[in-house]
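**Student:** The following block contains the structure, expressed as C-alpha coordinates.
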Amino acid sequence: MDLKAKIRRIPGFPKPGIVFRDITTLLQDPEAFRQAVEEMAAAFADKRPEVVVGVEARGFIFGAAIAYKLGAAFVPARKLGKLPWETVRAEYALEYGTDAIEIHKDAVLPGQRVLLVDDLLATGGTMAATASLVERLGGVVVGIVFLIELSFLRGREKLSRYPVVAFIQYASEDE
(Lines give C-alpha, C1' and ligand atoms only; values in the text may rest on other atoms or scores of the structure.)
Protein backbone atom coordinates (compact mmCIF):
# COMPACT_ATOMS: atom_id res chain seq x y z
CA MET A 1 0.00 0.00 0.00
CA ASP A 2 1.21 3.52 -0.78
CA LEU A 3 1.32 5.11 2.68
CA LYS A 4 2.10 8.55 1.23
CA ALA A 5 -1.32 8.51 -0.46
CA LYS A 6 -2.88 8.19 3.01
CA ILE A 7 -1.41 11.50 4.27
CA ARG A 8 -3.65 14.56 4.01
CA ARG A 9 -2.02 17.84 2.91
CA ILE A 10 -3.36 20.95 4.70
CA PRO A 11 -1.98 24.26 3.35
CA GLY A 12 -1.86 27.22 5.74
CA PHE A 13 -1.85 25.23 8.98
CA PRO A 14 -0.82 26.11 11.65
CA LYS A 15 0.06 29.39 9.90
CA PRO A 16 0.25 30.78 6.37
CA GLY A 17 3.11 29.38 4.31
CA ILE A 18 3.18 26.03 6.14
CA VAL A 19 1.81 22.80 4.69
CA PHE A 20 0.75 20.44 7.49
CA ARG A 21 1.10 16.71 6.87
CA ASP A 22 -1.94 15.22 8.61
CA ILE A 23 -1.51 11.59 9.66
CA THR A 24 -5.05 11.19 11.03
CA THR A 25 -6.21 9.95 7.62
CA LEU A 26 -3.59 7.18 7.79
CA LEU A 27 -4.57 6.33 11.37
CA GLN A 28 -8.22 6.00 10.32
CA ASP A 29 -7.29 3.21 7.90
CA PRO A 30 -6.52 0.08 9.97
CA GLU A 31 -4.49 -1.56 7.19
CA ALA A 32 -2.40 1.57 6.58
CA PHE A 33 -1.78 2.07 10.30
CA ARG A 34 -0.80 -1.58 10.71
CA GLN A 35 1.56 -1.38 7.72
CA ALA A 36 3.18 1.82 9.04
CA VAL A 37 3.78 0.27 12.48
CA GLU A 38 5.08 -2.99 10.97
CA GLU A 39 7.53 -1.18 8.67
CA MET A 40 8.72 1.23 11.37
CA ALA A 41 9.25 -1.63 13.85
CA ALA A 42 11.04 -3.80 11.29
CA ALA A 43 13.52 -1.03 10.45
CA PHE A 44 15.44 -1.54 13.71
CA ALA A 45 14.19 -4.91 15.00
CA ASP A 46 17.64 -6.41 14.37
CA LYS A 47 19.13 -3.84 16.78
CA ARG A 48 17.03 -5.37 19.59
CA PRO A 49 15.91 -2.16 21.32
CA GLU A 50 14.97 -2.58 24.96
CA VAL A 51 13.26 0.81 25.18
CA VAL A 52 11.27 2.81 22.65
CA VAL A 53 11.07 6.56 23.30
CA GLY A 54 8.13 8.28 21.61
CA VAL A 55 8.20 12.06 21.23
CA GLU A 56 5.12 14.09 22.13
CA ALA A 57 2.54 13.83 20.84
CA ARG A 58 2.17 11.85 17.63
CA GLY A 59 5.32 9.90 18.45
CA PHE A 60 3.32 8.34 21.29
CA ILE A 61 0.92 6.78 18.79
CA PHE A 62 3.61 5.05 16.78
CA GLY A 63 6.10 4.59 19.62
CA ALA A 64 3.75 2.67 21.89
CA ALA A 65 2.65 0.37 19.05
CA ILE A 66 6.27 -0.21 17.99
CA ALA A 67 7.32 -0.96 21.58
CA TYR A 68 4.51 -3.50 21.84
CA LYS A 69 5.52 -5.08 18.53
CA LEU A 70 9.20 -5.30 19.55
CA GLY A 71 8.54 -6.44 23.14
CA ALA A 72 10.25 -3.30 24.46
CA ALA A 73 9.42 -0.78 27.17
CA PHE A 74 7.81 2.50 26.14
CA VAL A 75 8.96 5.90 27.43
CA PRO A 76 7.21 9.18 26.60
CA ALA A 77 9.35 12.25 25.88
CA ARG A 78 7.15 15.20 26.86
CA LYS A 79 7.06 18.94 26.66
CA LEU A 80 8.24 20.91 29.67
CA GLY A 81 6.22 20.40 32.86
CA LYS A 82 4.04 17.50 31.67
CA LEU A 83 5.71 14.63 33.51
CA PRO A 84 4.80 14.03 37.18
CA TRP A 85 8.15 12.90 38.60
CA GLU A 86 11.80 13.99 38.52
CA THR A 87 13.00 14.65 34.99
CA VAL A 88 16.00 15.48 32.85
CA ARG A 89 15.50 18.25 30.32
CA ALA A 90 17.07 19.37 27.06
CA GLU A 91 16.37 22.66 25.31
CA TYR A 92 16.37 23.07 21.56
CA ALA A 93 16.07 25.97 19.14
CA LEU A 94 12.86 26.86 17.35
CA GLU A 95 12.49 29.28 14.46
CA TYR A 96 11.78 32.01 17.03
CA GLY A 97 12.98 31.08 20.52
CA THR A 98 13.51 27.79 22.30
CA ASP A 99 11.52 24.88 23.65
CA ALA A 100 12.35 21.95 25.91
CA ILE A 101 11.71 18.23 26.10
CA GLU A 102 11.85 16.03 29.22
CA ILE A 103 11.88 12.39 30.23
CA HIS A 104 11.79 10.85 33.70
CA LYS A 105 15.29 10.53 35.12
CA ASP A 106 14.77 6.77 35.64
CA ALA A 107 13.21 6.13 32.20
CA VAL A 108 16.37 4.79 30.60
CA LEU A 109 19.04 2.79 32.40
CA PRO A 110 22.75 2.91 31.56
CA GLY A 111 23.55 0.63 28.63
CA GLN A 112 19.95 0.12 27.51
CA ARG A 113 19.43 0.02 23.75
CA VAL A 114 16.96 2.72 22.76
CA LEU A 115 14.94 3.35 19.60
CA LEU A 116 13.59 6.89 19.15
CA VAL A 117 10.27 7.36 17.33
CA ASP A 118 8.27 10.27 15.97
CA ASP A 119 5.81 10.73 13.15
CA LEU A 120 7.68 13.46 11.27
CA LEU A 121 11.23 14.73 10.83
CA ALA A 122 11.32 18.45 10.05
CA THR A 123 14.29 20.45 11.38
CA GLY A 124 15.50 17.68 13.72
CA GLY A 125 15.79 19.85 16.83
CA THR A 126 13.30 17.97 18.99
CA MET A 127 14.75 14.58 18.13
CA ALA A 128 18.35 15.72 18.62
CA ALA A 129 17.37 17.00 22.08
CA THR A 130 15.63 13.69 22.86
CA ALA A 131 18.70 11.72 21.79
CA SER A 132 20.84 13.87 24.07
CA LEU A 133 18.54 13.08 27.02
CA VAL A 134 18.78 9.35 26.39
CA GLU A 135 22.57 9.55 26.20
CA ARG A 136 22.77 11.71 29.32
CA LEU A 137 21.01 8.88 31.17
CA GLY A 138 23.49 6.38 29.75
CA GLY A 139 21.25 4.88 27.08
CA VAL A 140 22.54 3.84 23.67
CA VAL A 141 20.55 5.20 20.72
CA VAL A 142 20.39 2.31 18.24
CA GLY A 143 18.27 4.19 15.73
CA ILE A 144 15.67 6.81 15.00
CA VAL A 145 12.57 6.09 12.95
CA PHE A 146 10.02 8.46 11.44
CA LEU A 147 7.00 7.86 9.28
CA ILE A 148 7.54 11.11 7.34
CA GLU A 149 10.57 13.24 6.48
CA LEU A 150 10.45 16.78 5.11
CA SER A 151 13.87 16.39 3.50
CA PHE A 152 13.94 19.97 2.21
CA LEU A 153 14.29 21.14 5.84
CA ARG A 154 17.49 19.06 6.24
CA GLY A 155 16.69 17.85 9.76
CA ARG A 156 18.58 14.62 9.14
CA GLU A 157 21.82 16.65 9.32
CA LYS A 158 21.25 17.26 13.06
CA LEU A 159 20.88 13.50 13.52
CA SER A 160 23.89 12.43 11.45
CA ARG A 161 25.45 10.52 14.39
CA TYR A 162 22.57 8.02 14.32
CA PRO A 163 20.98 5.60 11.89
CA VAL A 164 17.79 7.32 10.68
CA VAL A 165 14.96 5.79 8.66
CA ALA A 166 11.90 7.60 7.29
CA PHE A 167 9.34 5.90 5.06
CA ILE A 168 7.64 8.83 3.35
CA GLN A 169 9.72 11.60 1.81
CA TYR A 170 8.65 15.10 0.84
CA ALA A 171 11.37 16.89 -1.16
CA SER A 172 9.49 20.22 -1.20
CA GLU A 173 6.66 22.05 0.51
CA ASP A 174 4.68 21.83 -2.77
CA GLU A 175 4.67 18.06 -2.91
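**Student:** (1) in a strand (DSSP E or B); (2) touching a residue at least 40 places away in the same chain (Cβ under 8 Å): which one isn't true of A100, the others all being true?
**Tutor:** It is condition (2) that A100 fails.
**Student:** In this structure, is V117 among the aliphatic types (A, V, I, L, M), in a strand (DSSP E or B), under 25 Å from K47 (Cα atoms) and modelled with pLDDT of 95 or more?
**Tutor:** Yes; evaluated as a whole, the condition is true for this residue.
**Student:** Would you confirm whether any residue within segment 24-39 is assigned to a strand (DSSP E or B) and either polar (S, T, N, Q) or touching a residue at least 12 places away in the same chain (Cβ under 8 Å) (or both)?
**Tutor:** No, every residue in segment 24-39 fails to be assigned to a strand (DSSP E or B) and either polar (S, T, N, Q) or touching a residue at least 12 places away in the same chain (Cβ under 8 Å) (or both).
**Student:** Check whether at least one residue in segment 79-91 is out of contact with any Phe, Trp or Tyr (no Cβ under 9 Å at 6 or more places or on another chain), of a type in the set (S, T, N, Q), surrounded by fewer than 21 Cβ atoms within 10 Å (Cβ to Cβ) and in contact (Cβ under 8 Å) with a residue 60 or more places away in the chain, and report yes or no.
**Tutor:** no
**Student:** Another question, then. For A129, indicate whether it is in a helix (DSSP H, G or I) and buried (at least 17 other Cβ atoms within 10 Å of the Cβ).
**Tutor:** Judged against the criteria, A129 is a match.
**Student:** Is it the case that some residue within segment 147-168 is surrounded by fewer than 19 Cβ atoms within 10 Å (Cβ to Cβ), hydrophobic (A, V, I, L, M, F, W, C), over 23 Å from A5 (Cα atoms) and more than 13 Å from the chain's Cα centre (by Cα)?
**Tutor:** The answer is no, given that none of the residues of segment 147-168 is surrounded by fewer than 19 Cβ atoms within 10 Å (Cβ to Cβ), hydrophobic (A, V, I, L, M, F, W, C), over 23 Å from A5 (Cα atoms) and more than 13 Å from the chain's Cα centre (by Cα).
The values are calculated or read from the model by the stated rules, or taken from the named source; none is laboratory data. As the structure is a computational prediction, the values presented were derived from the model and not from experiment. With ideal geometry, Cβ positions are generated from the backbone for all residues, glycine too; neighbour counts draw on all protein chains shown.
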